[in-house]
Amino acid sequence: MTVSARLAELGIKLPAVAAPVAAYVPAVVHDGLVYTSGQLPFTAGALPATGKLGAEVTAEDAKGYARTCALNALAAAADAAGGVDRIAGVLRVGGFVASVPEFSGQPGVINGASEVLGEIFGDAGRHARAAVGVPVLPLDSPVEVEVTFILA
């Protein structure tokens, strides 16, 4: 099954590629891989929330934001690669969670990204991963995700 067919089956419509907030490009193709820049959970050009986990943002909400970040990353990768069906799988996910020092649930938050990539790519969506707590992210976003995809 193609990636575009799987997305349709899941009822997922990829968003427009989010415009960079600084001096970089959303994704770069190199040597059979697509590297995405860190993606924030932009929805229709805006962040759904700001703040930190353990303070203004719940883990449940942030898990959904991580899912949105992963879909934004897939959109950026597809744009750079020449279409979503050129993406064959996922190599690595890097997740960053803005959180108070006492919050230690970063892996559960980044599962939002990992789980949706698994739903889309099946076994080819299994990946290496980091889930890191940080004091602040760009624009005070609660979550940021970067993904390295494998080209078909």
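The values are calculated or read from the model by the stated rules, or taken from the named source; none is laboratory data. Note that the structure is a prediction, hence the values are computed from the model and not measured. Because the Cβ atoms are built from the backbone with ideal geometry, glycine has one as well, and the counts that use them run over all protein chains shown. Just the protein is used for accessible areas: all its heavy atoms, side chains included, with ligands, DNA and RNA removed. Shrake-Rupley method; radii C 1.70, N 1.55, O 1.52, S 1.80 Å.
Note on region 30-54: residues that are among the β-branched types (Val, Ile, Thr), surrounded by fewer than 16 Cβ atoms within 10 Å (Cβ to Cβ) and under 19 Å from residue 71 (Cβ atoms) total 1. Would you call residue 68 open to solvent by 20 Å² or more (accessible area, probe 1.4 Å), closer than 21 Å to residue 11 by Cβ and free of Cβ contacts under 8 Å to residues at least 60 places away in the same chain? Taking the combined requirement at face value, the residue satisfies it. Restricting 98, 73, 113 to residues that are more than 20 Å from residue 16 (Cα to Cα) and open to solvent by less than 10 Å² (accessible area, probe 1.4 Å) narrows the list to 98. Restricting region 11-20 to residues that are hydrophobic (A, V, I, L, M, F, W, C) and out of contact with any helix residue (DSSP H, G or I) (no Cβ under 6 Å at 6 or more places or on another chain) leaves a set whose member that is least open to solvent (accessible area, probe 1.4 Å) is 12. Has region 136-146 got at least one residue that is closer than 26 Å to residue 30 by Cα, acidic (Asp, Glu) and assigned to a helix (DSSP H, G or I)? Looking for residues that are closer than 26 Å to residue 30 by Cα, acidic (Asp, Glu) and assigned to a helix (DSSP H, G or I), one finds none in region 136-146, hence no. Residues satisfying the criterion are absent from region 75-84 (criterion: under 17 Å from residue 129 (Cα atoms), part of a loop (DSSP other than H, G, I, E, B) and either of a type outside the set (Asp, Glu) or at pLDDT 95 or above (or both)).
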